Each structure stands twice: as C-alpha cells, then as structure tokens.
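Heads up, the thing below is written out as structure tokens.
The values are calculated or read from the model by the stated rules, or taken from the named source; none is laboratory data. Model, not experiment: these values are computed from the prediction. Backbone-built Cβ (ideal geometry, glycine too); neighbour counts: all protein chains shown.
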C-alpha cells in the first residue's frame, strides 16, 4: 500500500460539508416532526377508526416497511411527476423521509396507545374532558412516554437513512461529500470525514433525546 | 430514441432479482458468522473483547450504510484490490450485518436464564460445550423472529449497492428507466418485486414472534 491519505482537500471544503450537515439536520428534524404527526393520526385511525381506515393504514405500513427507502424516494421524485406531482429535490427528500418514518412510527405509537388502560380513558370521560383532550393528555402523551426509547432510536435511524437522499441531488451532507470527491478525487478521505460527522450527529441526537425526555416526561408514573 | 416499456424490459428487471438474492445471501451468511463472533465477544468474560465488540456495534449502528459502502468501495481501491462492486458490496453488507446480528444475538444469549450456564459449569462443561450444547440452542429459539426481521432490512439494504454500480434489482430498474422514461411503471414494478421478497419474511417474523410469545406465557 503506497497510498498517502490526504485530508487537505476535505478541510479546504469543510464549510461545504457544514452547509450539507445543516440540510441533513433540517431534513431529519422536519421528517421527525411531520412523521410523528402522520404516525399519531395513523395510529389513532388504526386503533379506533372504522374498518376501511384500518385497511388503508395497514396497507401504508406494510408497503413502506417492505420496500427499500431508495425505491420510495425514486418513486416520489421520478415517478410522481407522471401524475403531475412535482417536487424539488430537497422537498422530495423531506416528503420521502416523512412518509418512510411515518410508517415505522405508526407501529411504535400504536403499541403505546394500546398499552393505555381503558380505565384511564373512562376516568377522563368521568372528569368531563372533551374527546380531543382525552386523546391528547390521556392517550397520546403517556403513549409517547412509553414508546419514547423505540421512537427515538427510529429517529436516529432516520437521520442515518437521510444520507440516501443525495442520490436525487438533494443538498445534504452525503451530497456535499459527493461534490467534494468528484472535484478532488480524495474519495476515501471525504467519506471517512463524513462518516465521522454522521457518527457525531448520531451521538448528539441520542444526547438531545435524553434531554428532551427529562424535560417532557419527567413526572412520576404512578403513586 | 426512447424504448417502449415492454415484456423484455420487465423481464430484465425481474431477472435482476437473482443478484439481489445472491448479495443478500452472501451478506447474511457472512453476517451470521461475524455476528456470532461479535455476540460471543459481547457476552465474553474478557473485558477488552466486550468493549471491542461494543465499539464495533456502535460504529456500524451509528453511521449510514451508504457511507459504509462508500468507505469499503474506495478503501479496497486504496489497498490495491481495485474497483470491484461485487466485493465491496458483499464485504460492506457483511460487516454491517455482523454488527446488527451481533447486537440482536447478544440480547438472545442474555435472555437465556443464567441458571442454565451455571448448571453447565457445575456439570464440568467447558466453554465450547456450554455454548454449543446449552446456551446457543436455547438462544437460537428466541433469535428466529428478530433475525428474520433483520433479513428484511438487509434485503432492502442491498438496494444501496446500486449506488456503487452493482447491478441488482434497483440498478436494473434505473437502467430500464433511463432507456424507457416511464419511471412510474418501472419503479412501481421494482417496488412490487421488493415487496414480494420482503413481505412473506415479515409475516414469518411476526408469526414466529407471536407463537413464541404464546409459548413463553404458558
């Protein structure tokens, strides 16, 4: 092996990597928030909705969970314009990530909702809470608390998966790496640095999630 | 000249399934061997082995599969193995699968009650006999459902090999799409084919999980 690793071209373009990382963060947090909303709606539909709604949600979950994300994003970015639905690369990336994480999160949140005992909901009704209040305070919040670890590891996986959006020329961290490597040919060095950056992001996310847990769910479970 | 999307184009995509299956099989076989080693290190009584295995798992679970593929692909070139998508894809997916299966199987090994291990010690069985005849067979029973679940994830993961130029199902779809320009049909077909591969496995995983849950409740 007579190859000299040369990180100079990577460091010279580091600001490009940072702006890519910003897009990765935007996509991840955007998809997390939107995906959670999608998941709560779908989980509510699956646990309490009429039969056709349950079928639709089931079909959505099974299709997304049994096809690769790469194909999903190709379908959304290249396939949907045939139906007149056209997105810019970054929007298509956000849509694809949201649709993807929404399916996984639905199953997770559904498990949480099913763990809420019926008596809790009845107690809420007895206290005169409106159905929306019952759903929000008595069903969703404790359900999210129960499934929080599973949900957040799914979110970290989402952030890592988001590297795939670079294939439709979105401008995320992996795409910034592709740009730099095609200009400098320092492929290995570029991807080594980027892999390290993803690792740092994954560790930072898991730290952030435990802070959020303390802030949002730090109340005693029962007396 | 745009080609029409006919039966030959569809067959080209369908036939590419074998490469997706071949790559999945290689990665799964390699990952099973690697995963067993990682899992055994992870529950080892030797602390450095435990930390090494933990670091390996964290590294591969904390970075994108796409980056792992790129690093192996370009790394092999640096080490003089040349540009070889087959080798790079199977090696990267094997390393990836080893980490995930290692972590899954660690959980399964730890779920075997420690009394089983202690009884084996008391009977004077050595490490190899204890693992081979007592612990691993019991862990294997628990491991079926999550392992099949991971196999689905691995099959989906092989689609990323298309990005480094390995011609499997996804890449075949891209090639046909570039010639016919009917992405809705092409990627729809590719998605259906992946679904046909993965869905039965998902059902098997769910079924074994439920059967196991019933078995342990008794």
Tell me which of these residue B:52 doesn't satisfy, since it passes every other one: (1) within 13 Å of chain A (Cβ to nearest Cβ); (2) at pLDDT 95 or above; (3) within 26 Å of residue A:156 (Cα to Cα). (1)
Output the residue which, of all residues in region B:139-169 that are crowded, with 16+ Cβ neighbours inside 10 Å and free of Cβ contacts under 8 Å to residues at least 40 places away in the same chain, is nearest to the other protein chains (Cβ to nearest Cβ). B:162
Name the single residue, out of those in region A:78-98 being under 22 Å from residue B:198 (Cα atoms) and in contact (Cβ under 8 Å) with a residue 40 or more places away in the chain, that is farthest from the other protein chains (Cβ to nearest Cβ). A:98
Residues being within 9 Å of chain A (Cβ to nearest Cβ), surrounded by fewer than 19 Cβ atoms within 10 Å (Cβ to Cβ) and touching a residue at least 60 places away in the same chain (Cβ under 8 Å) - total across region B:181-196: 1
Hits in region A:45-59 (condition: within 22 Å of residue A:143 (Cβ to Cβ) and either within 14 Å of chain B (Cβ to nearest Cβ) or in contact with a helix residue (DSSP H, G or I) (Cβ under 7 Å, 6 or more places away or on another chain) (or both)): A:45, A:46, A:47, A:53, A:54, A:57, A:58
Quick check on residue A:106: is it touching a residue at least 24 places away in the same chain (Cβ under 8 Å) and away from chain B (no Cβ under 14 Å)? yes
Counted residues, region B:1-25 - those being surrounded by fewer than 11 Cβ atoms within 10 Å (Cβ to Cβ) and in contact (Cβ under 8 Å) with a residue 24 or more places away in the chain: 2
When you scan region B:170-180, how many residues do you find that are surrounded by 24 or more Cβ atoms within 10 Å (Cβ to Cβ) and within 9 Å of chain A (Cβ to nearest Cβ)? 2
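Is it true that residue B:71 is within 13 Å of chain A (Cβ to nearest Cβ) and in contact (Cβ under 8 Å) with a residue 40 or more places away in the chain?
no
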Residues that are surrounded by 15 or more Cβ atoms within 10 Å (Cβ to Cβ) and facing chain A (nearest Cβ under 10 Å): does region B:202-216 have at least one? yes
Could you say whether any residue in region A:21-30 is within 14 Å of chain B (Cβ to nearest Cβ) and in a loop (DSSP other than H, G, I, E, B)? no
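How many residues, within region A:60-77, are in contact (Cβ under 8 Å) with a residue 60 or more places away in the chain and within 7 Å of chain B (Cβ to nearest Cβ)?
Result for region A:60-77: 2.
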Taking the stated definitions as given, is residue A:156 within 12 Å of chain B (Cβ to nearest Cβ), farther than 24 Å from residue B:60 by Cα and surrounded by fewer than 23 Cβ atoms within 10 Å (Cβ to Cβ)? no
Exactly one of B:91, B:101, B:76 is part of a helix (DSSP H, G or I) and within 14 Å of another protein chain (Cβ to nearest Cβ), and that one is B:76
